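To start, the structure under review is shown below, and the notes come after it.
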Amino acid sequence: MNGTATDALMLRPVARPEPPSAFSNALVFGWRAVLKFKHVPEQLFDLVMTPIMFTLLFTFVFGGALAGSTGDYLQFFLPGILVQTIVFNAVYSGMGLSTDLSKGLFDRFRSLPIWSLSPFAGLMVGDVLRHLIAGGIILTIGLILGYRPEAGIVGVIAAFALLVAIGFGTGWLFIVLGLMVRTPTTVMTLGFTFLFPVVFASNIMVDPATMPAWLRAFVDVNPVSLMTTAMRGLMAGNATPGQIALALAAPIVLTLLLAPVTLWLYRRR
Amino acid sequence: MNLTSPGATFTHAAQDALAISARGMVKIFGELRAVDGIDLDVPRGVIFAILGPNGAGKTTLMRMLATLATPDAGSAAVMGHDLVTEPHAVRGAIAMTGQFASLDEDLTGRENLILLSRLWGFRRRQAKDRADELLAAFDLADAGGKQVKDYSGGMRRRLDIAASLIVTPGVLFLDEPTTGLDPKARQSVWRMIRSLAASGVTILLTTQYLDEADQLAARIAVIDHGRKIAEGTSRELKAATGSGFLHVALADAARIDEAARLLEAKLGGSVQRSVEGAELSVMAGSPQRANEALAALIAAGIELADFSMGSPSLDEVFFALTGGPAQPAGQKEVER
């Protein structure tokens, strides 16, 4: 600390400008998420390393045994690993929120005269970006390894739109967790403890035909399976509207149920 | 909203000269009545200190007044706006700097200020100008491009205060503004606070440092166990405790217990010990009685390094009001 000029604080009084719109507030929070990518590019490394490892391990270690050839397995597996990537990514947004809350940053936001849900809207903007970047990286690796989406570019765009919807819906689960749990690492532990069985007991890695009947009963209605089926369909060009509707059911229900809970938890704090 | 607490029915119209007017504020966490019926009137344009030990309810009271926590009972107006029915208007008239830096550690200092300026509604260009203006005023121009995680404690605190001044607030809440700072950074924050108050901003600060309240505040409310136990100027608080305090410093710290017993026997009342352990303070009432007590010490062969008579320090006032020291020794650092 030096100089008396500092301490005299030569500050002119500044009046409040015209209050901004809720949309403008949300965009500013989105800008914050983009800045985070600039300053903490490592976060992307965390996000894509696991799915890249899964893709390589499953394709080359189990692929031949599971599907006859590694090429056939990759064709089956890639749409599913995209779902897994996005669902796991959602845990990280809950961790980010928990970090913000533990540092008192949200107290600053909450004491501002802004639309009270705009910080969450901003989180969502960041999440969508993360999902698109991580999904793009996994797809690129798949293409290099020989994966070919039969539906071409249109199918891929439709599939990514579905991915964003899945990410948006799943995100609420971990935002609520982030609001309820004090420490970011606990959010991660709880999140993955819940997600691992849900992701593995699905049709992402293997065709459930060989599973025991009781497990198959669960796998068939597991939202992750429904999402994966729709993703395969969209990328292969043979998705039915029914499959897409089933894939969107869980994200829609989660949003309708948990958005009000989020608001309530946030206001209550 | 429960309006049954005493004095809860007051009119805002009569409170126009007040920056904050609160009645019967209560906040309960489970079994704990963290804030247990506090009234507070803070005139506009002054520095007002809420003084109390850790866990007294200072921060909870401030969080309620800043709309960050909902009161379980009571009502309050901040800059003429009702806390419960017009929280948005209150937020437009206040700013709060919490005890723990409320900044985005990953962003640069400049980006933090631009982010908040944009949230207030400044356009892109204006937001950048305002950020640069604040960085310069707080001597952070050189550090503006660095991520906040690389800032020192003093720099963080300055940036945090700057972040509260993007729009000049009617009331600035500062929760323990100097906790954890080194003496030099602390002096600097004090000068900033004085200079802000001189420009007309009402400042409500919490502190557990008695000298901070003494140095800065026009009025002090002393809070303990969720209740306000005294309020006034520093001079009034000292006068209420009584003048005629006797301070003695012993040449031999080993005899402090014996000396304390003697003083207590002679003068009654409780004897306060310094943290370092060789000094005692006690209310003597008159120089006559102080003289007798000193004579008793000398007769017992207890050698004095120094003694003085004077008005009580705020420490002694606090001790007299709460029956305990203002802060336990070794507990000056941040507690979460």
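The values are calculated or read from the model by the stated rules, or taken from the named source; none is laboratory data. Since this is a predicted model, take the numbers as computed values, not measurements. Positions of Cβ are backbone-derived with ideal geometry, glycine not excepted, and every protein chain shown enters the neighbour counts.
Restricting segment B:58-73 to residues that are more than 9 Å from chain A (Cβ to nearest Cβ) and under 22 Å from the mean Cα position of the chain (by Cα), the residue that is farthest from residue B:193 (Cα to Cα) is B:71. Here the condition is being within 14 Å of chain A (Cβ to nearest Cβ), at negative phi and surrounded by fewer than 17 Cβ atoms within 10 Å (Cβ to Cβ); of B:169, B:183, it holds for B:183 alone. The single condition among (1) assigned to a helix (DSSP H, G or I); (2) more than 8 Å from chain A (Cβ to nearest Cβ); (3) within 25 Å of residue B:42 (Cβ to Cβ) that residue B:91 does not meet is (2). The set of residues in segment B:190-235 being under 21 Å from residue B:159 (Cα atoms) and charged (D, E, K, R) consists of B:191, B:194, B:212.
Across segment B:100-117, which residue is nearest to the other protein chains (Cβ to nearest Cβ) among those that are among the small types (Gly, Ala, Ser) and assigned to a loop (DSSP other than H, G, I, E, B)?
Step one: of segment B:100-117, the residues among the small types (Gly, Ala, Ser) are B:101-102, B:109, B:117.
Applying the additional criterion that residues be assigned to a loop (DSSP other than H, G, I, E, B) yields B:101-102.
On the way: B:101: 7, B:102: 4 Å.
Once the filter is applied, the top-ranked residue is B:102.
Number of residues in segment B:118-157 that are of a type in the set (Lys, Arg), in contact (Cβ under 8 Å) with a residue 12 or more places away in the chain and facing chain A (nearest Cβ under 8 Å): the value is 1.
Residue-by-condition table, conditions (1) more than 24 Å from residue A:23 (Cα to Cα); (2) modelled with pLDDT under 95; (3) over 24 Å from the mean Cα position of the chain (by Cα):
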| site | (1), (2), (3) |
| --- | --- |
| B:109 | yes, no, yes |
| B:153 | yes, yes, no |
| B:157 | yes, yes, no |
| B:171 | yes, no, no |
| B:178 | yes, yes, no |
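Residue B:229 meets all of the listed conditions (1) surrounded by 16 or more Cβ atoms within 10 Å (Cβ to Cβ); (2) closer than 21 Å to residue B:53 by Cβ; (3) in contact with a helix residue (DSSP H, G or I) (Cβ under 7 Å, 6 or more places away or on another chain) but one, namely (1).
Residue A:265 satisfies every condition listed in (1) of a type in the set (A, V, I, L, M); (2) more than 14 Å from every other protein chain (Cβ to nearest Cβ); (3) in a helix (DSSP H, G or I) except (2).
From the list A:111, A:102, A:93, A:21, the lone residue that is under 30 Å from residue B:120 (Cα atoms), buried (at least 22 other Cβ atoms within 10 Å of the Cβ), of a type in the set (Ser, Thr, Tyr) and within 14 Å of chain B (Cβ to nearest Cβ) is A:111.
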